[in-house]
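Here's the structure, in structure tokens; my notes come after.
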Amino acid sequence: MVTRREQILAAAAELFARHGFHGVGIDEIGAAVGVSGPALYRHFRSKDAMLGEMLTSISETLLDGGQRRRDAAAPTDVLRELIRFQVDFALDNPSLITVQERNLGNLTDPDRRRVRALQRRYVEVWVRAIRDAWPDLDEPTARAAAHAAFGLINSTPHSRHLGRDRMATMLREMATGALAGMATGLPDSDLSTAS
């Protein structure tokens, strides 16, 4: 069952994604969940606190999901599972992806440090998986490849031309192809079944 706090965060994410963090007032968030703006202060001390919890939660969810896939999958399947996970998250949470992409600078300093630390740990899960797939690849290239894959996958809030299943398949294939293609001279068939 969804809690009132989760309802507020979901409504705030939609509004922040649509109008920007500074373009949304507390009264608008309250109206979206059927309460007065001041009533939101029973759940969050400020709009900044909402954004902090929202972006921290996204980062924790991604890190936890990435670590679980790393720990559960066979070494040869980790990268494939990470791609699938990131694609599913992006397609199922387009507003959160948009808010994360646009509002990191609006966080308080402590929240920004926490989110950045979580994001770095998630990137490292990907870097390890990429280097396991292509052991000759150096760490800076693997890190750049992980960020490029995120950019490709997280572009989904801006492209809704296909149904969800077709979009998921396309994104998995594109991310797989991009990662395999950057490993110049290395076999590109290792991830070809990622869809």
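So V127 passes all but one of these: (1) at pLDDT 95 or above; (2) of a type outside the set (F, W, Y); (3) surrounded by fewer than 19 Cβ atoms within 10 Å (Cβ to Cβ). Which condition number does it fail?
Looking at each condition in turn, V127 falls short on (3).
Under 6 Å between Cβ atoms, at least 6 apart or on separate chains: pull out the pairs that start in the stretch 96-109 with a residue that is open to solvent by less than 40 Å² (accessible area, probe 1.4 Å) and end on any residue that is of a type in the set (S, T, N, Q).
Short answer, once both residue conditions are applied: I97/N154.
In the stretch 1-41, what residues are surrounded by fewer than 13 Cβ atoms within 10 Å (Cβ to Cβ), closer than 16 Å to L51 by Cα and among the small types (G, A, S)?
G23
Among the residues of the stretch 62-81, is any more than 30 Å from R131 (Cα to Cα) and of a type in the set (A, V, I, L, M)? Show your work before the answer.
Here is the first cut: in the stretch 62-81, the residues more than 30 Å from R131 (Cα to Cα) are none.
No, the conditions are met nowhere in the stretch 62-81.
In the stretch 155-171, which residue that is open to solvent by 20 Å² or more (accessible area, probe 1.4 Å) and modelled with pLDDT of 85 or more is nearest to the chain's Cα centre (by Cα)?
The residue in question is S155.
Inspect all residues belonging to the stretch 130-137 and state whether any of them is touching a Lys or Arg at 6+ places or on another chain (Cβ under 7 Å) and open to solvent by 10 Å² or more (accessible area, probe 1.4 Å). Break it down into steps so the answer makes sense when it comes.
Initially, the stretch 130-137 is screened for residues touching a Lys or Arg at 6+ places or on another chain (Cβ under 7 Å), giving 137.
Next, only the ones that are open to solvent by 10 Å² or more (accessible area, probe 1.4 Å) stay: 137.
For the stretch 130-137, residues touching a Lys or Arg at 6+ places or on another chain (Cβ under 7 Å) and open to solvent by 10 Å² or more (accessible area, probe 1.4 Å): present.
Listed residues T56, T61; which is open to solvent by less than 30 Å² (accessible area, probe 1.4 Å), modelled with pLDDT of 95 or more, within 21 Å of R113 (Cα to Cα) and of a type in the set (S, T, N, Q)? Before you say what the answer is, go through the steps one by one.
Numbers: T61 fails: open to solvent by less than 30 Å² (accessible area, probe 1.4 Å).
Criteria check complete, one pass: T56.
Among (1) open to solvent by 40 Å² or more (accessible area, probe 1.4 Å); (2) hydrophobic (A, V, I, L, M, F, W, C); (3) at pLDDT 95 or above, which single condition is L118 missing?
Tallying (1) open to solvent by 40 Å² or more (accessible area, probe 1.4 Å); (2) hydrophobic (A, V, I, L, M, F, W, C); (3) at pLDDT 95 or above, L118 fails exactly one: (1).
Pairs under 9 Å by beta carbon, first residue on the phi > 0 side of the Ramachandran plot in the stretch 30-42, partner of a type in the set (D, E, K, R) and exposed (fewer than 14 other Cβ atoms within 10 Å of the Cβ), six or more apart or different chains?
none
Being in contact (Cβ under 8 Å) with a residue 60 or more places away in the chain and touching a Ser or Thr at 6+ places or on another chain (Cβ under 7 Å), is that true of even one residue in the stretch 14-28?
Checked the stretch 14-28: at least one residue is in contact (Cβ under 8 Å) with a residue 60 or more places away in the chain and touching a Ser or Thr at 6+ places or on another chain (Cβ under 7 Å).
The values are calculated or read from the model by the stated rules, or taken from the named source; none is laboratory data. All values derive from a computational prediction rather than experimental measurement. Here the Cβ is made from the backbone with ideal geometry for all residues, glycine too, and neighbour counts use every protein chain on show. SASA here: full protein model, heavy atoms, side chains in, ligands and nucleic acids out. Shrake-Rupley method; radii C 1.70, N 1.55, O 1.52, S 1.80 Å.
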